[in-house]
Amino acid sequence: MARTRWHLKRAFSAFMAVSGVALLAGLASQVEGIRPLLAFAVPYAALTILLLGLSWRVIRWSKAPVPFRIPTVCGQEKSLPWIKAGWLESPSSTPGVIARMSLEVLLFRSLFRNTRARLGAGPKLIYGEAKWLWLGALAFHWSLLVVLLRHLRFVVEPVPRLAVFLDGVDGFFQVGAPVLYATDILLLAGLLYLLQRRLREPQIRFISLFTDYFALFLLLGIAISGVWMRYLARVDVVAVKQLALSLTIFSPSLPKNLSALFFAHLALVSALAAYLPFSKLMHVGGVFLSPTRNLANNNRSKRHVNPWNYPVKVHTYEEWEDEFRDKMKAAGMPVEKD
Amino acid sequence: MSTPKPEELVQIQYTAPPEGWMNPAVEFRKGTFCYSALARNLNYLGLPNAREWQPFDADWKLPADWKRIILDGMAERLRKYRSFRLFMDICVRCGACADKCHFYIGSGDPKNMPVLRAELLRSVYRRYFTLSGQLFGSLAGARDLTEDVIKEWFYYFHQCTECRRCSVFCPYGIDTAEITMIVRELLGLIGCNINWVLEPAANCFRTGNHLGIQPHGFKDSVDFAVDELEEITGVRVEASINRKGAEVLLVVPSADYFGTPHYYTFLGYLALLHEVGLDYTFSAFASEGGNFGLFNSHEMIKRLNAKVYMEAKRLGVKWILGGECGHMWRVLHQYMDTMNGPADFLEVPVSPVTGTRFENTRSTKMVHICEFTADLIHHGKLKLDPSRNGRWNVTFHDSCNPARSMGLIEEPRYILRNVCHQFHEMPENTIREQTFCCGSGSGLGTDENFEMRMRGGLPRANAVKYVHEKHGVNLLACICAIDKATLPPLLEYWVPGVDVAGVHELVGNALVMRGEKERSTDLRGEPMVQEELAHA
């Protein structure tokens, strides 16, 4: 009983926090006077925090030097010409690094390696395939990107070709009206997979913090409210676009028929934007800077300079010989001074 | 000290305690930790806060302002290392690393999941260096820095061998080795070091090698090896020390000329380099390539490593050749040039035997002996008789650092395939970049830590067991001095019947030398006739 309590408490409080934001925004939007606050002030503030916070974090990372070239090498080094070098997993040049990073950022290469260790009788350690995390993460991240890009049609007029194109691809199966987007399903499925994993797998449950659940529930809240608006509540898309466009040209105007659901969605998105710079979600920027991945394994052919390299106290040859000279001479070893 | 039997030790519970992980209290149970560094070693190295204490003492006699020292130390390192700041910030706790750590697999202790080991530090980082941690405390995963946290760090960051396996699986490349190095530096600031690291470091600083062997003692063991090699092969080789004007400086780990089975590898080097006529010298001053600074602090790495280039310059050699050693090669490959370079007084290494120019070392000018030997074999410069290794059925253990920090993966395999007939790989998930640590790296290979070493070495030993049972493998070849010291007791414990050898021991066995006598024994002095038995 006590075992479940610890992690459930965390998950539950995160759930309550996210529900609180959504409910509060939904209720407050019913009050005429507060509505402009929710429609204008909150998104603007959130966006400001996002942009400033993001830049601040990235600048702070970039300002910290990379004193040593420490790639985690996952393949054969480039050494003798007749040994095939792992140009991708052990890149020795910039193109290789770019390729390695692209695989990492776009396809989650390292997560694809994942295995599951099991200790069987014997004892016998068995390393099984474990690709679900990779698949779930990939489904979630790519869907989120496509969903985000699809939203361009709300804030740009005329609707960008990219958004139109994605709309077409995403709704390829032409199921239902409005057409069901594949990414909506994948996004929800990905998030639910990640959440159940945190709740069910004992090890993951043990390491999960409130903030891990908070991020997941926030994203789930956004996805669910969005899906609800599109397929069930049928939000007034024209009104949404009118508000969004007015925000982009800094001349906000508030259309009449926006639902509480919409305001909940907007508030959750704003919360996510404002929260992102202070959270682990910063991995979105950090992954590019990771020195174990974005450096070439050319350590012995190209010198890496440490900007703060400083002189240290060493034991010199002279000091050493001074201590051992007599013994060295007795043993017939060459010395510098007699 | 009574060590549990293998069948007891393997009853591993992978369950997590119900109350979460934030309570830092640890129990220092005998067999699972290393003793503190002696004050005289700290004093010799000029390190702060030397004192007499032990991890199992209630009072660690920390300096009065220990907390400020740690927090200032963290702040300084957050400024100096992008890796540190980034790795504190971006972990999403996906848990992919959890069961990749040999200490977690072998102990089941959840704080040995790399993610959680890092959280032990991250929670303090959040509390003192992030807004959310200051505002929301434990809700944001923040913890106060207390004396218990220091003890917890000491315990768990000496249950990490800096092997970097978790980093291979992390989607952001978060490297626990980097975090462990930083924490050990922080602990060092308040005088909490382990003796198995600092005594070798102090020895190395003073005499040139970890074992504290003085120059004449070093000469004795080299001379002895020359005699012994003559006895076995009938060939008298030359091995000079501190000889100016030699073409090459050979730097090996000190265990090679003092430990067993390292010593047979040393004989292998002597035979090989004589046979190809390399003009080389040892240095008694730089008689250690291994670098225990790596297990203590970045500054100590630099202090100990400096003598390699200093000595190459003094002796006027053209380039440097390095022996079989794991952590040594992490330093030589990833740190030496940056810390103590540029080596502009040396020349780009060229093998005088084959004419091969080692372009991959054109900046550091230091070649791994496996690269050198593989090149010799490829050019047909060696006469090899693999049947002389006929009694061995070999597998290869990739040492963590040559594999994951260098990518030295094919060279040793190429050599092994040319010097022995029977070679079998261990399972895919336990070799190359996914190789498992011996469980005793990074200065943890001490006897008082025996139980934890056997736990940490379980995954490696278990993979050996697999090929032992399936293919009859009876020899584990490797290229690391710590491996050679700690794998024999590990295998004895988990897989009796498998020996450990360096790659160049097998080279030395197979090498047909000009003018050699009828060979009756291998480099171990054991009869070679067993080869026929093995073949029969």
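The values are calculated or read from the model by the stated rules, or taken from the named source; none is laboratory data. Everything numeric in this text was worked out from a predicted model, so none of it was measured. Neighbour counts are summed over all protein chains in view; Cβ atoms, including those assigned to glycine, are modelled from backbone coordinates with ideal geometry.
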Checklist entry - Would you say B:Glu451 is crowded, with 20+ Cβ neighbours inside 10 Å and of a type in the set (Asp, Glu)? => result yes
Item to check | Subset of region B:401-424 (residues that are hydrophobic (A, V, I, L, M, F, W, C) and either closer than 22 Å to B:Gly289 by Cβ or part of a helix (DSSP H, G or I) (or both)) | outcome: B:Ala403, B:Met406, B:Leu408, B:Ile409, B:Ile415, B:Leu416, B:Val419
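Can you name the residue in region B:208-222 that is without any contact (Cβ under 8 Å) to a residue 60 or more places away in the chain and out of contact with any helix residue (DSSP H, G or I) (no Cβ under 6 Å at 6 or more places or on another chain) and, of all such residues, is nearest to A:Lys327 (Cα to Cα)?
Looking only at region B:208-222, we keep the residues that are without any contact (Cβ under 8 Å) to a residue 60 or more places away in the chain, and these are B:211-212, B:214, B:216-217, B:220-221.
Then keep just the ones that are out of contact with any helix residue (DSSP H, G or I) (no Cβ under 6 Å at 6 or more places or on another chain); that gives B:217, B:220.
Numbers: B:Gly217: 9, B:Asp220: 12 Å.
Among residues in region B:208-222 that are without any contact (Cβ under 8 Å) to a residue 60 or more places away in the chain and out of contact with any helix residue (DSSP H, G or I) (no Cβ under 6 Å at 6 or more places or on another chain), the one nearest to A:Lys327 (Cα to Cα) is B:Gly217.
If I filter region A:49-72 for residues that are charged (D, E, K, R) and away from every other protein chain (no Cβ under 11 Å), do I get at least one hit?
The answer is no; no qualifying residue exists.
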Checklist entry - Which one is nearest to B:Cys163 (Cα to Cα) among residues in region B:377-412 that are charged (D, E, K, R), more than 10 Å from every other protein chain (Cβ to nearest Cβ) and surrounded by fewer than 24 Cβ atoms within 10 Å (Cβ to Cβ)? => result B:Arg391
Checklist outcome for this item: The condition from (1) among the aliphatic types (A, V, I, L, M); (2) facing chain B (nearest Cβ under 7 Å); (3) in a loop (DSSP other than H, G, I, E, B) that A:Ala296 misses is numbered (2)
Checklist entry - Residues that are modelled with pLDDT under 95: which helices (runs of 4 or more DSSP H) entirely in region B:70-136 hold 2 or more of them? => result B:131-136
Checklist outcome for this item: Of the residues in region B:481-492 that are out of contact with any Cys (no Cβ under 6 Å at 6 or more places or on another chain) and either surrounded by 24 or more Cβ atoms within 10 Å (Cβ to Cβ) or not in a helix (DSSP H, G or I) (or both), the one that is farthest from the other protein chains (Cβ to nearest Cβ) is B:Lys484
Checklist entry - Restricting attention to region A:98-149, which residues are under 19 Å from A:Val284 (Cβ atoms) and in a loop (DSSP other than H, G, I, E, B)? => result A:Phe108
Checklist entry - If you check every pair at least six apart or on different chains, which have Cβ atoms under 8 Å apart with a residue in region A:78-89 that is closer than 20 Å to B:Leu376 by Cβ first and a residue that is buried (at least 21 other Cβ atoms within 10 Å of the Cβ) and aliphatic (A, V, I, L, M) second? => result A:Lys78/A:Ala85; A:Ser79/A:Ala85; A:Ser79/B:Leu408; A:Leu80/B:Ala374; A:Ile83/B:Ala374
Checklist entry - When you go through A:Val240, A:Val287 one by one, which is the residue that is within 14 Å of chain B (Cβ to nearest Cβ), part of a helix (DSSP H, G or I) and among the β-branched types (Val, Ile, Thr)? => result A:Val287
Next on the checklist: Based on this model, can you work out whether B:Ala225 counts as in the same structural domain as B:Val419 (by TED's automatic domain parsing), among the hydrophobic types (A, V, I, L, M, F, W, C), in a loop (DSSP other than H, G, I, E, B) and touching a residue at least 12 places away in the same chain (Cβ under 8 Å)?
Outcome noted: no
Item to check | Only listed residue being surrounded by fewer than 24 Cβ atoms within 10 Å (Cβ to Cβ), more than 16 Å from the chain's Cα centre (by Cα) and away from every other protein chain (no Cβ under 14 Å), chosen from B:Val512, B:Val507, B:Val473 | outcome: B:Val512
Checklist outcome for this item: Picking from B:Phe266, B:Phe258, the residue that is under 25 Å from B:Leu475 (Cα atoms), among the hydrophobic types (A, V, I, L, M, F, W, C) and modelled with pLDDT under 95 would be B:Phe258
Item to check | Given (1) closer than 26 Å to A:Pro307 by Cα; (2) in contact with a strand residue (DSSP E or B) (Cβ under 9 Å, 6 or more places away or on another chain); (3) more than 10 Å from every other protein chain (Cβ to nearest Cβ), number of the condition B:Val331 does not satisfy | outcome: (2)
Checklist outcome for this item: B:Thr361 passes all but one of the listed conditions (1) more than 14 Å from chain A (Cβ to nearest Cβ); (2) under 25 Å from the mean Cα position of the chain (by Cα); the exception is number (1)
Checklist entry - Before we move on, is B:Glu433 in a helix (DSSP H, G or I) and without any contact (Cβ under 8 Å) to a residue 40 or more places away in the chain? => result no
Checklist entry - In region B:78-121, what residues are closer than 21 Å to B:Ala140 by Cα, surrounded by fewer than 24 Cβ atoms within 10 Å (Cβ to Cβ) and among the basic types (Lys, Arg)? => result B:Arg85, B:Arg93, B:Lys111
Checklist entry - Residues of region B:295-314 being more than 10 Å from chain A (Cβ to nearest Cβ) and either over 23 Å from the mean Cα position of the chain (by Cα) or part of a helix (DSSP H, G or I) (or both), which ones? => result B:Phe295, B:Val308, B:Tyr309, B:Ala312
Next on the checklist: Looking for something more than 9 Å from chain A (Cβ to nearest Cβ), under 22 Å from the mean Cα position of the chain (by Cα) and of a type in the set (Phe, Trp, Tyr) - is there at least one such residue anywhere in region B:103-123?
Outcome noted: yes
